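One structure is given below, encoded as structure tokens.
The values are calculated or read from the model by the stated rules, or taken from the named source; none is laboratory data. For clarity, every value in this text was computed on a predicted model and none was experimentally measured. Quick reminder, even Gly has a Cβ in these numbers, built from the backbone with ideal geometry, and neighbours come from all protein chains shown.
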Amino acid sequence: MALISRPKKGEYAPAHEYYLQLVPPRTGAAKLLRDGFKAAQAMFSAIPEAQGNETYAEGKWTIKQVLVHLIDFERVMAFRILSFIRADRIQLPGFNQDFWMEEVDPADRAIKDLLKEWKAVRDNTLFLLQQCTEEQARFPGKAAGWTVTPRALFFIIIGHQAHHLAFLKRNYLSDRS
């Protein structure tokens, strides 16, 4: 597996800088993707099923909706990675997470089943990383109006997950009394 170097400014949208700052330094994407999923799996597996449909405030997503969002986000980023490493020149659209969430109701799905789905998505991401050369990792593409590289997308997936897991711990899983 090629060791993909970290992205530089200009290889991602400014909005993704926050996610990239959450990525631990000096660790490769493959290890972070594998270890990050194991940590997420342990965290979500410890949540009682009934709590998965709770929200910390009116109008906010449930824990299961956050999990679906993590799956959706990674799917979109993985498609972008595939498109860019294959040197497709088409500009890819953005996506509105709130519109997407309006069309999904995971209330009747078990957390363990959502985790199985995410595991399949993560395995796909790892397969993409495995076949991505350092040269391909630098191929620029356009998504949501921004130039972005595959290597940036791998690390954005990691940072996005870190953001949401910290948010869940702080707002859903800590003692809020």
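Things to note:
- Residue satisfying all of: in the stretch 122-176; of a type in the set (Asp, Glu) and in a helix (DSSP H, G or I); farthest from the chain's Cα centre (by Cα) among these: GLU135
- Any chance GLU117 is among the charged types (D, E, K, R), within 27 Å of LYS142 (Cβ to Cβ), without any contact (Cβ under 8 Å) to a residue 60 or more places away in the chain and not in a loop (DSSP other than H, G, I, E, B): no
- Of the set (1) modelled with pLDDT under 95; (2) among the hydrophobic types (A, V, I, L, M, F, W, C); (3) in a helix (DSSP H, G or I); (4) surrounded by 20 or more Cβ atoms within 10 Å (Cβ to Cβ), all apply to ILE4 but (3).
- Options ARG109, ARG75; residue that is at pLDDT 95 or above, among the basic types (Lys, Arg) and closer than 20 Å to LEU33 by Cβ: ARG75
- Sub-6 Å Cβ pairs linking a first residue in the stretch 1-29 that is free of Cβ contacts under 8 Å to residues at least 60 places away in the same chain to a second residue that is loosely packed, with under 12 Cβ neighbours inside 10 Å, at least 6 apart or interchain, are GLY28/LEU3, ordered by first then second residue.
- Counted residues, the stretch 53-112 - those being among the hydroxyl-bearing types (Ser, Thr, Tyr) and in contact with a Ser or Thr (Cβ under 6 Å, 6 or more places away or on another chain): 2
- Inclusion of GLN161 among residues that are over 22 Å from LEU22 (Cβ atoms), modelled with pLDDT of 95 or more and of a type in the set (S, T, N, Q) is not warranted.
- Enumeration of residues in the stretch 91-109 that are within 17 Å of the chain's Cα centre (by Cα), surrounded by 11 or more Cβ atoms within 10 Å (Cβ to Cβ) and in a helix (DSSP H, G or I): GLN97, TRP100, MET101
- Any hit, the stretch 55-73, residues being loosely packed, with under 13 Cβ neighbours inside 10 Å and not in a loop (DSSP other than H, G, I, E, B): no
- Residue that is nearest to the chain's Cα centre (by Cα), among those in the stretch 10-54 that are charged (D, E, K, R), surrounded by fewer than 19 Cβ atoms within 10 Å (Cβ to Cβ) and not in a helix (DSSP H, G or I): ARG26
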